[in-house]
Amino acid sequence: MTDLLSRIEKRDAHVCVIGLGYVGLPLAVAFAEAGFRVTGLDVDSSKVDAINAASSYIPDITTERVREQVDAGRLDATTDAEILAKVDTAHICVPTPLSKTRDPDISYLVVAGEQAAAHVHAGMLIVLESTTYPGTTEEVLAPRLAESGLELGKDYHLAFSPERIDPGNPTFTLENTPKVLGGMTPECTRVAAALYGTIVSEVHEMTSPAAAELVKLLENTFRSVNIGLANEMALMCDRMGIDTWEVIHAAATKPFGFMPFFPGPGLGGHCIPVDPLYLTWKARTLNYRARLVETAAEINAGMPEYVVEKVAGALNDHEKSVRGSRILMVGVAYKRDIDDTRESPALDVMRLLQDRGALVDYADPWVPRLTPAQGVLADQDSIEGLPEVCAEYDCVVVGTDHTDIDWPGVLAAAVLVVDTRNVANGLTTPNVVRI
Ligand SMILES: NC(=O)c1ccc[n+]([C@@H]2O[C@H](COP(=O)([O-])OP(=O)(O)OC[C@H]3O[C@@H](n4cnc5c(N)ncnc54)[C@H](O)[C@@H]3O)[C@@H](O)[C@H]2O)c1
């Protein structure tokens, strides 16, 4: 293994990133930029073809950055898992969604782990980056790798290091966000830390993969619970006739002991709505019900219905029914300035309104097309002409506050706006209903 350490130091280790999505591609590019030869492995041939054609499909990674590494011969991609027999390190970045019953679905991770196990060889380092419940590295990956007969911590190394990237965040990137890391043995931690130290400013070493797995779940459960509190404040403020936003902004003037979170139409993306359920599932296997976490998830999951009720109420005030009303959703990605619609509550709002008979269009410069696979009734294209087009609708629902949308224009034309987040703060028009 000293051989791998010296290859890391000399930047001549061959790195493989398994899963070239929102997490895997930035990681692959970072290793290539640090001077390593990197091969991305993905089952999706369109992503592999894009990388080999030196093109990016992830908004945070420019095509120029990909092209520079591909042209330098440091970055390529393949669909052939045989590559794992030749590389020095493998980083598993595959999806960890929920099943239909809202339990952890680690099937992608198991397949990737089996591929790694089939090709593990002396001198290899394997790191799991996918978010998962505590114990996965030790209970799911380690036994499969052990079938190789190689000795863990000596012949090969295994660690968990959660990805913390925040898509669309230009301030905190992979490079300047500390990387938490827990190896199966102290030597596993040492080798993995040496590798990650070449691409991030700080590596925070932990005593086990399970503890590192729980760090990621704590971070995202913290968000879910606090957003749940902000949403519950909104539900209570609605009954009290008090503006939640005014209250939260005032509380945030306290320079200590308070951190503002804001209400919204629910949780979106691959992480915040999903990860707390990995934690509650694990707790349930140990006969513990994580009540606080479950309640927050329940409140957050109820927010799209609440938004629809607000829309119905506002239309009612204008003597209109939801059925037959023309409604425009502005912004359908789960947060600003990204193209990711996974778990986006805006899509739930859209579908609930469609189910009630509303005629719903949407406008989102980042999401040109929606399909039934994303939850809407039929294929739909993003409409053009913001903000003027708002005047043609009975109601405008603001789902996500993209910075490249003319918000004052939208607000001026809208009959109703909900979830205006930061953009509409301080903007008051009689037409605006905030949640
Ligand atoms: N998106 C985020 O902001 C974010 C942030 C931190 C952590 N995470 C976690 O990182 C993991 C990956 O998330 P993502 O957003 O990058 O997912 P993604 O869907 O964007 O990418 C995953 C990729 O893995 C590929 N894949 C699936 N099975 C494979 C296999 N057996 N071999 C090779 N490739 C395979 C898919 O084709 C896809 O390209 C998840 O556990 C997620 O929770 C995501």
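Only one of (1) assigned to a helix (DSSP H, G or I); (2) crowded, with 19+ Cβ neighbours inside 10 Å; (3) out of contact with any helix residue (DSSP H, G or I) (no Cβ under 9 Å at 6 or more places or on another chain) fails for ASP340. Which number is that?
(1)
Being part of a loop (DSSP other than H, G, I, E, B) and either in contact with a helix residue (DSSP H, G or I) (Cβ under 6 Å, 6 or more places away or on another chain) or within 11 Å of the ligand (Cβ to nearest atom) (or both) is the filter here, so list the residues in the range 77-87 that pass it.
Taking the range 77-87 first, the residues part of a loop (DSSP other than H, G, I, E, B) are 79-80, 86-87.
Of everything in the range 77-87, those that are part of a loop (DSSP other than H, G, I, E, B) and either in contact with a helix residue (DSSP H, G or I) (Cβ under 6 Å, 6 or more places away or on another chain) or within 11 Å of the ligand (Cβ to nearest atom) (or both) turn out to be THR79, ASP80.
Might you let me know whether the range 202-209 holds any residue that is surrounded by 15 or more Cβ atoms within 10 Å (Cβ to Cβ) and of a type in the set (A, V, I, L, M, F, W, C)?
Within the range 202-209, one or more residues are surrounded by 15 or more Cβ atoms within 10 Å (Cβ to Cβ) and of a type in the set (A, V, I, L, M, F, W, C).
Can you pull out every residue in the range 349-369 that is crowded, with 21+ Cβ neighbours inside 10 Å and under 19 Å from the mean Cα position of the chain (by Cα)?
ASP364, VAL367
Quick one: which of ILE165, ILE92 is within 14 Å of the ligand (Cβ to nearest atom), surrounded by fewer than 21 Cβ atoms within 10 Å (Cβ to Cβ) and in contact (Cβ under 8 Å) with a residue 60 or more places away in the chain?
Residue meeting the stated conditions: ILE165.
Among THR189, THR198, which is outside any loop (DSSP other than H, G, I, E, B), outside the structural domain of LEU267 (by TED's automatic domain parsing) and of a type in the set (S, T, N, Q)? Please lay out each step first, then the result.
Values: THR198 fails: outside any loop (DSSP other than H, G, I, E, B).
Being outside any loop (DSSP other than H, G, I, E, B), outside the structural domain of LEU267 (by TED's automatic domain parsing) and of a type in the set (S, T, N, Q) holds for just one of THR189, THR198, which is THR189.
Given the conditions (1) out of contact with any His (no Cβ under 7 Å at 6 or more places or on another chain); (2) in a helix (DSSP H, G or I); (3) within 16 Å of the ligand (Cβ to nearest atom), report the number of the one that LEU27 does not fulfil.
Condition not satisfied by LEU27: (1).
Residues being within 9 Å of the ligand (Cβ to nearest atom), surrounded by fewer than 21 Cβ atoms within 10 Å (Cβ to Cβ) and in a loop (DSSP other than H, G, I, E, B): count how many of those fall in the range 95-139.
Here the count works out to 2.
Pick from the range 36-57 the residues that are more than 14 Å from the ligand (Cβ to nearest atom) and in contact with a helix residue (DSSP H, G or I) (Cβ under 6 Å, 6 or more places away or on another chain): which of them is farthest from VAL23 (Cα to Cα)? Before the answer, list the steps.
In the first step, residues of the range 36-57 are kept if they are more than 14 Å from the ligand (Cβ to nearest atom); the result is 36-38, 52-55.
With in contact with a helix residue (DSSP H, G or I) (Cβ under 6 Å, 6 or more places away or on another chain) added as a condition, the list becomes 38, 54-55.
On the way: VAL38: 15, ALA54: 18, SER55: 16 Å.
So, considering only residues that are more than 14 Å from the ligand (Cβ to nearest atom) and in contact with a helix residue (DSSP H, G or I) (Cβ under 6 Å, 6 or more places away or on another chain), the one farthest from VAL23 (Cα to Cα) is ALA54.
Cβ contacts < 7 Å: first residue outside the structural domain of HIS402 (by TED's automatic domain parsing), restricted to the range 343-362; second residue of a type in the set (Ser, Thr, Tyr), any location; separation 6+ or different chain. Result?
none
The values are calculated or read from the model by the stated rules, or taken from the named source; none is laboratory data. These numbers were taken from a predicted model, which means no experiment stands behind them. Glycine also receives a Cβ, built like all others from the backbone with ideal geometry; neighbour counts cover every protein chain displayed.
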